[in-house]
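Here is the structure we will look at.
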Amino acid sequence: MMQRYYLTRLSIEGFRGVNNENKPLDISFRPDAVNSVFAVNGIGKSSIFEALHYAIHGTIPKLQLLQAQERPQDYYCNRFHSQNTASILAEFLPDDGTDAIVIRIDLDAAGTRTVASPSGHPDPEGFLAQLRAAFALLDYKTFARFIENSPLERGRTFSALLGLAEYSDCRQALQAVSDSRALNTDLEIKIITTEVTALQKAVQQALVILRLSYENITGKPLEDIDKLDEFVAEVADALGNVELLKSHFSGRSLSDIDFEKIKTEIKTSERGEKRRELEKTIWSITALEELAAYDLIAIGIEQEKIGVLIDERDELLASTRGDLFKRLYESAQEVISKDVWTEDEKCPLCESELSSSISGHIKEQLTQYADAAAKIVEIKDAWQASAWKKCLSAHEMAEPLDVERQKRQFSLVDGKFTSGDISKKDWIAAVKWTSELTERVADVLKAAQDRKDSIEKELPPSLVQLTEQVEYGRQFTDALKNYQENRQEEEALQARIDIRERWRAFITKATTVFADAEAALSKARIKGIDMEYKSMFKEIMQVGDVVPDLCRADDREDLHVQLSDFHGQHNLSARALLSESYRNALAISVFLASALKHSGTPRFVVLDDVTSSFDAGHQYFLMELIRIKLQQPKNADGLQFIILSHDGLLEKYFDRLGSTPDWHHNKLQGSPPMGAILHQAQGADRLKATIVSLLSAGQVKQAEPLIRQYLEYKLQQIIRRVDIPVPIDFAIKDTSRMVSNCLDAITSAIEMHKKAGTLVLDAQQVQDIDTSYVPAIVGNWVSHYETSSGSSLSASALGGIINSIDAFVECFKYDDISGASSIRKWYKSLSKR
Amino acid sequence: MTKQNLQSGNFRFDDTKSFSENCDTFLSCLEIIDAEMAAILRNNWDTLVAIVHDGERNSKLRGEFNSKVAMALDLLVKQADLKNNT
């Protein structure tokens, strides 16, 4: 059984709105009761939620949304804390009765976070990581987003809630690594494929030379390349049988023959210029025949194809609006994808209404840029893999064609293709230049052959043949080497491609298998909470004819929210039909049902202002649902709930239940972000001690806000304990006049009971209230501070107010002497002991 | 689990088991499709799982994962060459 934890204490100093220097805000929570924390706006309730988020997740969502230039790191620590440091201490109680774990998180002025465990946990950071469950900390935004999100975003968020975050992340990771484009790039599949194509072309060129030289040596055509070994032996035999060459070939394989040595010997024996010219002419003829072997028809097709690609690219570029707009669209896409702008039919720049979707428009524009970029890559790849590229390069560099260096164009053309800057005009010029060079080959070849015939006639026949045989033998051997090396390299690269394709097939299949299994698991879990969330939704909204339904897609992570019943109509969009409170009620129901069913290490749920969109009635139904059915131990499998709220009406509910066993209520007061925040129960004694200390030191200004807190607390304590009725608008009256509001409520109630003859207070108490304490509080506080008309009072006058309020409180208590000893007790009401 | 079952999408996670246990079963089942590729995936599983965290994708880690896979694939090719040559 997994050990789970309640949150039983939270202490904060120097974090966000909580200054509390040397006097941490210290709140305790009961695991066996619903815990509420109430504070009016600006009193640090959000800072409590953020402190918990930072403690557990190490982040504050609100600050993560800030831009870097806004320096979010400057806003973690309270800006008025003299040390500019923060500390958060949280206590977690295991639900199996073992000892509590205390974790302390410190943040120094440099922004460094350190985590320690005063209770001695060996891995405090690891422990906090276990608490990172999707449901533990929930705020209003989380609920609102649940309905507003796209089905895919909702599906992914919801996976976390179902306890399937790891599955969802893993599924996305598998999709990322099996993405075809990522595989081509990361595994270099495209680069290797281009290399293989280039090698295949080199092999074909080597074959041309092999065929030509073989035919010249043996007089037979080279037909079946698979019998290459036989052809090599034939060439070796043919050359080895020439009388003058026998000694060079005897006992040697073709690759071991030193053709240069043979040539040198021939040169030595016959020092004629004519023989050397013949040798060079044969070499030229071979080189020219190699050029003539290029398939000009195929090259023409390649050129046409590349020309079409250039036209298509130009057309795509013309439909875009330049780099400046590209940056604009990319920025806009970022704004929309990060939910900074959620109104899809409104322009984020001028905020005018649009007739179509802004995200759709941006996507369409960026797609055009992406298509143009893809086309540029396509042109580059087509050029790199083309025979045209090799053909043009080979022709320019071929010595027999004698192309002047300054006329060569290959480097320039290649550079333009590689950079993507090739224009249609450049393309036309390159095609024309290639044609000029290829046409030149036939004339130069004919001239070389004529010259060879002429020289042969001038030289002795035996020597002519010998020179020819040796040169063809050298060419055959070189081509054989090229052919074999290129084939070997091609095979090695092809093997790398083959195994990568095998991986592609495997990882794609693995992704499908995982995704199918994840979808099935998710569906099963959704089915598992079906009854619960529907029943919770019905209880919160008190409706029976609106029935929500969550539908998980079969092949995607999309999660659709539908209404299986909407006042008799079926299968309609919840997003389109439900009002905000209904949507949030649905989201809360789904979240709470999931948290109950699939909860992890944290056995607590912190709800921050989740009832903002609810009216009083629905707030009540939600709170009752939590109190009666979801909170442990009433629900044996239930959770501990901690509800943060600033809602004045809801606070009446908290106040009413605050002293019952089911509920533990904290009310925050204070003057953040500069002053301290204290909760009432913790604060009264500490407040009084601080006030006395400040007044003794003559620090009147610093004491004044604390005196107001103390007065409010004591007066509200009387109202609660003696059950004094307050006007219906009491909670929403001007809070700066809370002291007089409380005094008015108390004195009116006393007057009423006096007139009815039901007042239980003794005569002395009534007289003290009327003639001493109320006039002292009104005269020394209300008339000075609530009207803002008076200057500060002296320290001794303010000390008198503290004494008056304490004595005033005593007027609502009596000595119970019914037992063995006397006990000081509150009156039950103004008419009952 | 047979290859046919796996191909027809019958693999399922066990809701009573942990994520890591289910992943282990998943990787074992993949051996039916291609044992050598499944071994590469298993050896680099930790890197794969770290690619997406809380829904946030890390492209650098994706590149790192694929780079490790590429090295493993090339090693397989080399081993096959050595085997063929001996």
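The values are calculated or read from the model by the stated rules, or taken from the named source; none is laboratory data. Because the structure is a prediction, the values reported are computed rather than measured. Cβ atoms come from the backbone with ideal geometry, glycine included; neighbour counts cover every protein chain shown.
Look at A:Phe537 and say whether it is within 14 Å of chain B (Cβ to nearest Cβ), out of contact with any Cys (no Cβ under 6 Å at 6 or more places or on another chain), over 19 Å from B:Ala80 (Cα atoms) and crowded, with 20+ Cβ neighbours inside 10 Å. Judged against the criteria, A:Phe537 is not a match.
Beta carbons closer than 7 Å, at least 6 apart along the sequence or on distinct chains, pair a first residue in segment A:761-772 that is closer than 13 Å to A:Phe812 by Cβ with a second that is among the β-branched types (Val, Ile, Thr) for A:Ile769/A:Ile750. The one condition from (1) at the interface with chain A (Cβ under 7 Å from one of its Cβ atoms); (2) under 20 Å from A:Ile499 (Cβ atoms) that B:Phe19 does not meet is (2). Applying the set (1) crowded, with 18+ Cβ neighbours inside 10 Å; (2) within 35 Å of the chain's Cα centre (by Cα); (3) modelled with pLDDT under 80 to A:Leu678 leaves exactly one unmet item: (2). Look at (1) within 30 Å of A:Leu63 (Cα to Cα); (2) touching a strand residue (DSSP E or B) at 6+ places or on another chain (Cβ under 9 Å); (3) not acidic (Asp, Glu) and you find that A:Leu354 fails only one, number (1). The residues in segment A:337-381 that are of a type in the set (Phe, Trp, Tyr) and surrounded by fewer than 14 Cβ atoms within 10 Å (Cβ to Cβ) can be counted, and the count is 0. Give the number of residues within segment A:517-574 that are in contact (Cβ under 8 Å) with a residue 40 or more places away in the chain and among the β-branched types (Val, Ile, Thr). Here the count works out to 4. Restricting attention to segment A:498-512 and to residues that are surrounded by 17 or more Cβ atoms within 10 Å (Cβ to Cβ) and not polar (S, T, N, Q), the residue that is farthest from the other protein chains (Cβ to nearest Cβ) turns out to be A:Arg504. Within segment B:42-76, the set of residues being facing chain A (nearest Cβ under 7 Å), buried (at least 17 other Cβ atoms within 10 Å of the Cβ) and not polar (S, T, N, Q) comprises B:Leu48, B:Val49, B:Ile51, B:Val52, B:Arg62, B:Phe65, B:Val69, B:Ala70, B:Leu73, B:Leu76. Candidates in segment A:608-624 are the residues that are of a type outside the set (A, V, I, L, M, F, W, C) and in a helix (DSSP H, G or I); of these, the one that is modelled with the lowest pLDDT is A:Gly617. Where helices (runs of 4 or more DSSP H) fall entirely within segment A:97-192, those with at least 3 residues that are hydroxyl-bearing (Ser, Thr, Tyr) are at A:165-178. Considering only segment A:335-351, I want to know if a residue exists there that is among the acidic types (Asp, Glu) and touching a Lys or Arg at 6+ places or on another chain (Cβ under 7 Å). Among the residues of segment A:335-351, not one is among the acidic types (Asp, Glu) and touching a Lys or Arg at 6+ places or on another chain (Cβ under 7 Å), which makes the answer no. For segment A:519-530, a residue qualifies if it is more than 7 Å from chain B (Cβ to nearest Cβ) and not β-branched (Val, Ile, Thr), and the qualifying residues are A:Ala519, A:Ser522, A:Lys523, A:Arg525, A:Lys527, A:Gly528, A:Asp530. Only one of the numbered conditions (1) of a type in the set (D, E, K, R); (2) surrounded by fewer than 16 Cβ atoms within 10 Å (Cβ to Cβ); (3) closer than 30 Å to A:Thr194 by Cβ is violated by A:Glu302, and that is (2). Residues in segment A:315-342 that are in a loop (DSSP other than H, G, I, E, B) and under 21 Å from the mean Cα position of the chain (by Cα): A:Lys338, A:Asp339, A:Val340, A:Trp341, A:Thr342.
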